[in-house]
Amino acid sequence: MNNRRLIIPVLAITALGGVCSFAQSKKNIIDEVAWVVGDEAIFRSDVEDMYQEMRQSGTMIPGDPYCVIPEQIAVEKLYLHQAKLDTIEVSESTVRARVEQQINNFINQLGSKEKVEEYFHKSIPVLREYYVEYMRNNAIVQEVQKSLTEGIKVTPNEVRKYFDSLPADSVPYVPMKVETQIITMNPNIPRQEIEDVKARLREYADRVNRGEADFSTLAIMYSEDGSAMMGGELGFRPKSAYVPEFANVAFNLSDPKKVSRIVETEYGYHIIQLIEKRGEQANVRHILLTPKVSSKDLSDATNRLDSIRKEIVGGAFSFGEAAGVLSQDKDTRNNNGIMINENDRSSRFEMQELAPEISRKVENMNPGDISEAFVMKNNKNKDVAAIVRLTNRIPGHRANLSDDYNLIKKMYEDHCREEILKEWLEKKIKETYVRIEEGWNNCDFRYNGWIKEYN
């Protein structure tokens, strides 16, 4: 692959953006060198490709694209060069799994593979390879940035001074948020359903161990995990990356030709095959199957929760007390059922941050209300019965320290990271050979030092 890349928002496809008035006049030269960074060239065609892709995806460009885009490419090259010096790598299997997930998202959004190819004017295989390069480079850049900024620690006093220094129009508006508690109940799963799942896994393991089937092929065909598209491969990860039951078996495997015993985790039932070990990390593949829940079992669970709800409303015990004793949601059970937002570790959620089923329930509830029981997907993608209590509804407002400390702290940490990276980049630019050709250098660049005396 050359150094062109696809820049497309990973969560949504937006409408095409407008065309800059001077774009067409600059396309008649295909391979003109625009910049040279170190020993690598940035071609006009690289800039044009990236510009067209950003327009197509609706990505906003903060300024002249023929200034902004080559600088972005040059910055990426500096990070990638540092990654080589520091031997920073990312898991190829993880990158490709993310690419497949993104392409599947596009297919779901647009309706078919054919419509995706028509929209992007690229075949799926070509789109896939563009995305592999983009996501690989993006992941490497993130790892370099993380290594440069991992030592950031801020104090409450620093956060307060930062907030006090913000101009009034820079204080963010915080949308309405809610605080909730939850109790979940897992439906009973018939023993026969579990035995059927185990029998299927034993059959797969026997076929692999006898040399009659390839593990990765069976994973693609039957595994219910997102890694199925990559033949069940999970990439090099440390033991701490997995739940203990899975890790204990996976890291004790020694023969890549053999398949593990059946492993039960909170996600379901697995069989595992070792690919390779490197020091404290291992790359394994697995097949995940989950026992299916019948509508009757889900109905029985919701009925049990509705009975519990009546007792809470009747004053027999509080919602928090019931959660601590009865809830099967391990993330909230020991916290009085209080839900925690993984984005900022606070108890507050914007409505779109909640699971859709919960959001629909609390939308019209008042603080103190408890929902009737309903069925939802938990964070392990399993169907469970649940009831939720709306604890608090915080109206939209301008951020302040007493109500939004975590948000302001994150803003200050992001500011510190940006300053550290800016300082590092400008030092790296100063130390790196850079030549910007005539016609490309009349720009107000984001970073200082690009224009050298020999330009």
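By the rule of a C-alpha distance below 17 Å, with chain neighbours fewer than 8 residues away ignored, the lysines paired with K198 are K292. As a quick test, which of the pairs K77/K410; K146/K361; K122/K258; K277/K377; K84/K409; K77/K115 have an alpha carbon distance above 30 angstrom in this structure? In this structure, K146/K361; K122/K258; K277/K377; K84/K409; K77/K115 lie more than 30 Å apart at Cα.
Rg and Dmax, both from the Cα atoms of the range 148-213 and both in Å, are 27.8, 70.
Sparse packing (at most 11 other Cβ atoms within 10 Å of the Cβ) combined with a DSSP loop state is found for the following trypsin sites (Lys or Arg not before Pro) in the range 83-174: K153.
Rolled with a 1.4 Å probe across the full set of protein chains, the surface gives I436 an accessible area near 0 Å². Atom-type composition of the exposed protein surface of the chain places 48 percent of the accessible area on carbon and sulfur (1.4 angstrom probe). Among F317, V33, A97, whose Cα lies farthest out toward the positive end of the dipole of the chain, if unit charges sit on the beta carbon of Lys, Arg (+1) and Asp, Glu (-1)? With unit charges placed on the Cβ atoms, the residue in question is F317. Pull out a ≥ b ≥ c, the square roots of the eigenvalues of the alpha-carbon gyration tensor of the range 374-453, then state rounded if a/c is under 1.5, prolate if not and a/b is larger than b/c, and oblate in the remaining case. It comes out prolate by the Cα gyration axes. For all pairs of alpha-carbon atoms in the range 353-405, what percent lies in each bin of width 10 Å, listed from the first bin to the last filled one? For the range 353-405, the pair-distance distribution reads 21, 42, 27, 10. When the chain is described by a simple charge dipole with +1 on each Lys and Arg Cβ and -1 on each Asp and Glu Cβ, the residue from I42, L253, L407 located farthest towards its positive end is L253.
Backbone phi angles across the range 409-424, fed through the Karplus curve with coefficients 6.51, -1.76 and 1.60 (θ = phi - 60°), yield HN-Hα couplings of 4, 5, 4, 5, 4, 4, 4, 4, 4, 4, 5, 4, 5, 4, 5, 5 Hz in residue order; Gly and Pro are listed as x. Going by the alpha-carbon gyration tensor, a ≥ b ≥ c the square roots of its eigenvalues, is the range 236-284 rounded (a/c under 1.5) or, if a/c is not under 1.5, prolate (a/b greater than b/c) versus oblate? It comes out oblate by the Cα gyration axes. Taking the alpha-carbon centroid of each part, what is the distance from the range 332-386 to the range 424-452 in angstrom? Result: 49 Å between the Cα centres.
The alpha carbon convex hull volume per residue for the range 134-281 rounds to 229 Å³. Both numbers refer to the Cα atoms of the range 202-345; Rg and Dmax are 20.0, 62 Å. Considering only alpha-carbon pairs that sit under 8 angstrom and 6 or more positions apart, the relative contact order computed for the chain is 19 percent.
Over the range 320-377, with a single point scatterer placed on each C-alpha, what log10 of the ratio I(q)/I(0) does the Debye formula yield at q = 0.25, 0.30 1/Å? With one equal scatterer per Cα and no solvent, log10 I(q)/I(0) is -1.35, -1.39. Extents of the range 414-455, taken as max minus min of Cα coordinates on every principal axis and listed largest first, are 35, 20, 10 Å. What the chain shows is 54 Å² of accessible area per residue, with the surface traced by a 1.4 Å probe over protein heavy atoms. The charge dipole of the chain, taken about its Cα centre with unit charges on the Cβ atoms of Lys, Arg (+1), Asp and Glu (-1) only, comes to about 820 debye.
Across all directions, the shadow cast by the convex hull of the range 48-135 built on its C-alpha atoms averages 6.5 square nanometres.
Fraction of C-alpha pairs exceeding 11 angstrom in the range 277-321: 76 percent, rounded to a whole number. With Cβ to Cβ distances under 12 Å as the rule, what net charge do the other residues near K380 carry (K, R +1; D, E -1)? Local charge sum for K380: -3. For the range 317-446, what does the alpha-carbon gyration tensor say about shape, rounded, prolate or oblate, given a ≥ b ≥ c as the root eigenvalues, a/c under 1.5 as rounded, and a/b over b/c as prolate? Here the range 317-446 falls in the prolate category.
The values are calculated or read from the model by the stated rules, or taken from the named source; none is laboratory data. Since the model is a prediction, treat every value here as computed from it, not as a measurement. Positions of Cβ are backbone-derived with ideal geometry, glycine not excepted, and every protein chain shown enters the neighbour counts. The area values use the complete protein model at the heavy-atom level, side chains included, leaving out ligands, DNA and RNA. Shrake-Rupley method; radii C 1.70, N 1.55, O 1.52, S 1.80 Å.
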